[in-house]
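Read-outs throughout are calculated quantities, based only on the coordinates presented, and are distinct from any laboratory measurement. Small disclaimer: the values here were computed from a predicted structure and weren't measured. All Cβ positions, even for glycine, are placed from backbone atoms using ideal geometry, and neighbour counts span all protein chains on display.
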Amino acid sequence: MDLKAVVISGEAPESDDDTASITTGIGFPSVRTPNYCGTIITGEAPESDEDGTSLSSISGAVDAMTCPPYAEVKTLKSKKSSVKYNSLLHKKLRECNETLDKDIIQITEGTVVNDVQELSAVNRQLLRSELVLQEAVCQLRNASNKSKSASNALNTID
């Protein structure tokens, strides 16, 4: 499996076979995870003849809800065994830099974790709202059909 990121300007390919021969791009270090939550593909939306009544948005959102929770990926930082300058000032600077680094990491991780939780809650609420709206549409269609059949029944009585 080729683990290179590829950026292609223009339209998205019409089929998966078009992307099989692409091997250019800048390689990124691979991070192995047991399962992937999803893949973001930019470009043109898929073309279909459906009238928009499919539940693809719900199934996609439900699939997104089955993703494992946000997990921290820690990078190992190697300390240099040989320090160029070993004065008291440089030791204090290194300590301050390490403290600053820890603080920045803690702030960003906290922000990311909170935002992931907030987005998950909003996503769940949107799913509920979508299901309620679909149920309302179904009930309105049923009421409209019953109204038409009642109107037809009254017209046949005349």
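Return the FRET efficiency for the residue pair Val83, Asp115: r is the Cβ-Cβ distance, R0 is 35 Å, and the value is rounded to the nearest 0.05.
On the way: r = 38 Å, r/R0 = 1.07.
The pair Val83/Asp115 has a calculated efficiency of 0.40.
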field: Inter-site label distance for Ile157 and Lys92 at 7 Å from Cα along Cβ, in nm
entry: 9.7
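Could you work out how much longer the chain between Arg128 and Asp101 gets when fully extended? Use 0.36 nm per residue separation minus the Cα distance between them, nm to one decimal.
5.7 nm
Sorting Glu130, Glu118 on the 10 Å Cβ count, fewest up front, what's the list? List each step's numbers first, then the result.
Values: Glu130 14, Glu118 10.
Least to most surrounded, the residues fall as Glu118, Glu130.
Just want the ordering: Ile107, Ile157, from fewest to most Cβ atoms lying within 10 Å of their own Cβ. Let's see the in-between values first.
Values: Ile107 10, Ile157 6.
Ordered by Cβ neighbours within 10 Å, fewest first: Ile157, Ile107.
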